[in-house]
Amino acid sequence: DQLRIEPDPERLTQYGITLKQLIDKLEGANRALQVGAVRERNRSLDVTAGRTLQNPADIGLLLITASDGRPVYVRDVARVVVGAKPEERRAWHFAKQKDGSLDMRPAVTLALAKRKGANAVVLAEALLHRLAEVQGAMIPADVAVTVTRNYGETAAEKADELLLHLGIAAVSIALLVVFTLGWREGAVVLVVVPTTILLTLFASWLMGYTINRVSLFALIFSIGILVDDAIVVIENVVRHWAMRDGRSRAQAAIDAVAEVGNPTIVATLTVVAALLPMMFVSGLMGPYMSPIPANASAAMLFSFFVAVVVTPWLMLRMQRRGALAGGGPGHAHGHDGGALGRLYRRVAVPLLQGRKRSKIFLAAVTGATLVSCIAFYTRDVTVKLLPFDNKSELQVVVDLPEGSSLEATERVLMQAAHRLKDVKELATIQAYAGTAAPFNFNGLVRHYYLRARSHQGDLQLNLLPKGERARESHDIALDVRKRLAGLAVPEGTRIKVVEVPPGPPVLATLLAEVYGPTAEARRDTVARLREIFRSVDFIVDVDDSLGRAAERMRLVVDQESLEFHGVEQGHVFDTIQALLGGVRVGYSHRGAEVYPMEITIRLPRAGLALGERLLATPVPAKHGVVELGDVVQVKREPASLPIFRRDGRYAEMVLAELAGRYEAPIYGMLAVEDAIAKAKWGPLGAPAVRYHGQPEDERKLALLW
């Protein structure tokens, strides 16, 4: 709430009262302070002077001055109201009803984030428990509370899913060993794999990594190779026991481990050497992907030590006493290798008999490899670094032309929300106009927390849990983009459907950076690039960093008029600030309220039209008052354009997403490069255009993906 004094410029002029007089009167009247103490009848009494303003009646009856012998009160020149602070921001909540309609209510969104090192799953459960406690006691009954996003629950689902896959992988490997070697060897594998994983988690804790989706993915990624060392040792021990050459089981196991020790060490270090360079990747990808090389390398090292120390000991402990050689069917003939060994020799030996056969086999493998790669060239098989994740949220980002009003942005958001109400997987929608929505993982890089201007809006689409819907979130995003395609919006409006990425967040899926010597050169190139982007059918949501020059008003002080009327320049600027921006004159301490109420002088929103009425506001002069319009001139001009720099160099950007035939950035890059070549721009990175006569080495425009 706010105690607001809304001045009337016409009445101020009528009584010859300036805004400065009004402000000074309110500031002086709203004072209460302890001034000292007095003595009375052997007592010391504290003395407080003044009192704070409490209600509109107190403020309205403040005497400002006298005009023609008649007292002029605040209520004579201003309207005093108690109301909500007129913020230029709105938030709405849309709940989908059973009949498919949307229940729209004003909303406040509260975002809670965990501290570093805290467990998101445990914290989310504690917060929900606390919310249930306070909902009946502290939250009014007519206020509905909806949990729209619970990343703790999402993290638990991801962790449980990855742990399930980890268990499936371990059991599958054990069953394969049981089928080929025997149940005792399979049991050894079931012990070895969890032991290695626990040691890896211990090493991860020592290195400062937490258990999260990336670190668990590293374990699944490495489980196929961390069990290799144990299987090699198990198979060789079984083979040595099957020789029956008079050695004891312990000695045969030692010889078996020693026989494969050096190759196993080399194989382990080879994998570690292939993974560790990922630790030194820079940029966003580095810290995001670092748990993979760290955990996978630790898993490989521990798997080797478990294979050569724990595995032979387990093999000895699990063999029956007095049993002769053999760990399973097919191993009674020593070096025979069983059914798999015989099958391998039947295929491999003929291929190695003679150099000619070996060359033919090598040529056939090479040809088959090249033939399989043709599918990538013809794009019958498409590539993508990371698959789309099935999230339970989407975001629609709306940018109206700069200078658009909050109401215009809100209308577009409402239209978009009602267009999307028929999406069957939709649960709720939050709309934010002129204010930033609580930014998610994607908003970290896209800087969504800065989206707080009147022409910017967001729709947060919350979907049903993935177990309750058939379509994945990416398919729903494609549907949402189609539904919003024909939306009636002001010219120049940009609407983007944004998905939470499966990997590190980026500014845009497809991003072209343009560097050049002058702003005109960069802007011309960006304009042409933007058209090329739009010409590619699977490149969507095209945008750029140029911005649009909105119109603005400038109040220019006429220095000659100031001197003629004897007006102080500071009084002019103070009057303009109080009129258009408002000025706080103090606080009102009302009753037992926890926070004091702000007392502000400002015009109502309906009065913020810069016309003759506002320009008639009186300004103090040397001999009385003059109107504001007598000392200022109103001019219209284009506002400044945004300026971007990258590593200290001026740059412009073209941003886009991909949807449709191809959804990997590489295909968009290739399509744009082909279009540039067909447009006869010259070599990519140096468009054949001469700008302002710069020398050859200065006029080149660098295009960087």
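Some notes on this structure:
- Subset of segment 193-222 that is crowded, with 23+ Cβ neighbours inside 10 Å and either free of Cβ contacts under 8 Å to residues at least 12 places away in the same chain or β-branched (V, I, T) (or both) - its residue that is farthest from M279 (Cα to Cα): V193
- One residue from R411, R342, R419 being at pLDDT 90 or above, open to solvent by 60 Å² or more (accessible area, probe 1.4 Å) and in contact with a helix residue (DSSP H, G or I) (Cβ under 8 Å, 6 or more places away or on another chain): R419
- For A91, the conditions (1) outside any helix (DSSP H, G or I); (2) buried (at least 16 other Cβ atoms within 10 Å of the Cβ); (3) without any contact (Cβ under 8 Å) to a residue 60 or more places away in the chain; (4) of a type in the set (A, V, I, L, M) all hold with the exception of (3).
Rundown of residues vs (1) open to solvent by less than 40 Å² (accessible area, probe 1.4 Å); (2) within 24 Å of A417 (Cβ to Cβ), yes/no style:
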position	(1), (2)
K482	no, yes
V497	yes, yes
V506	no, no
V514	yes, no
A521	yes, no
V526	yes, no
I532	yes, no
D537	no, no
V567	yes, no
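- Against the test of being surrounded by fewer than 17 Cβ atoms within 10 Å (Cβ to Cβ), within 20 Å of V585 (Cα to Cα) and out of contact with any Gly (no Cβ under 7 Å at 6 or more places or on another chain), the options Q54, Q21, Q14 yield a single qualifying residue, Q54.
- Filter result for R548 (at pLDDT below 90, open to solvent by 40 Å² or more (accessible area, probe 1.4 Å), of a type outside the set (F, W, Y) and not in a loop (DSSP other than H, G, I, E, B)): no
- Between A656, A616, A621, the distinction of being surrounded by 16 or more Cβ atoms within 10 Å (Cβ to Cβ) and under 36 Å from the mean Cα position of the chain (by Cα) belongs to A656 only.
- Near pairs, Cβ below 7 angstrom, 6+ apart or cross-chain, from segment 295-310 (under 17 Å from E235 (Cα atoms) and touching a residue at least 24 places away in the same chain (Cβ under 8 Å)) to any residue that is in a helix (DSSP H, G or I) and open to solvent by 40 Å² or more (accessible area, probe 1.4 Å): F304/I265; V306/T195; V310/T195
- Residues considered: R39, R75. Of these, the only one that is surrounded by fewer than 18 Cβ atoms within 10 Å (Cβ to Cβ) and either on the phi > 0 side of the Ramachandran plot or assigned to a helix (DSSP H, G or I) (or both) is R75.
- Selection from segment 437-450 of residues that are touching a helix residue (DSSP H, G or I) at 6+ places or on another chain (Cβ under 9 Å) and open to solvent by less than 30 Å² (accessible area, probe 1.4 Å): A437, N440, N442, G443
- Within segment 33-52, the presence of a residue that is out of contact with any Cys (no Cβ under 7 Å at 6 or more places or on another chain), closer than 22 Å to D574 by Cβ and either of a type in the set (K, R) or in contact (Cβ under 8 Å) with a residue 24 or more places away in the chain (or both) is excluded.
- L370 being on the phi < 0 side of the Ramachandran plot, aliphatic (A, V, I, L, M) and either open to solvent by less than 70 Å² (accessible area, probe 1.4 Å) or in contact with a strand residue (DSSP E or B) (Cβ under 7 Å, 6 or more places away or on another chain) (or both): no
- Failed item, numbered, when A656 is tested on (1) under 30 Å from L562 (Cα atoms); (2) part of a strand (DSSP E or B): (1)
- Residue list for segment 190-247, filter: assigned to a loop (DSSP other than H, G, I, E, B) and of a type in the set (S, T, Y): Y209, T210
The values are calculated or read from the model by the stated rules, or taken from the named source; none is laboratory data. Not measured: the values here are computed from a predicted model. We place every Cβ from the backbone using ideal geometry, glycine too, and count neighbours over all the protein chains shown. In case anyone asks, the SASA skips ligands and DNA or RNA and just uses the protein heavy atoms, side chains included. Shrake-Rupley method; radii C 1.70, N 1.55, O 1.52, S 1.80 Å.
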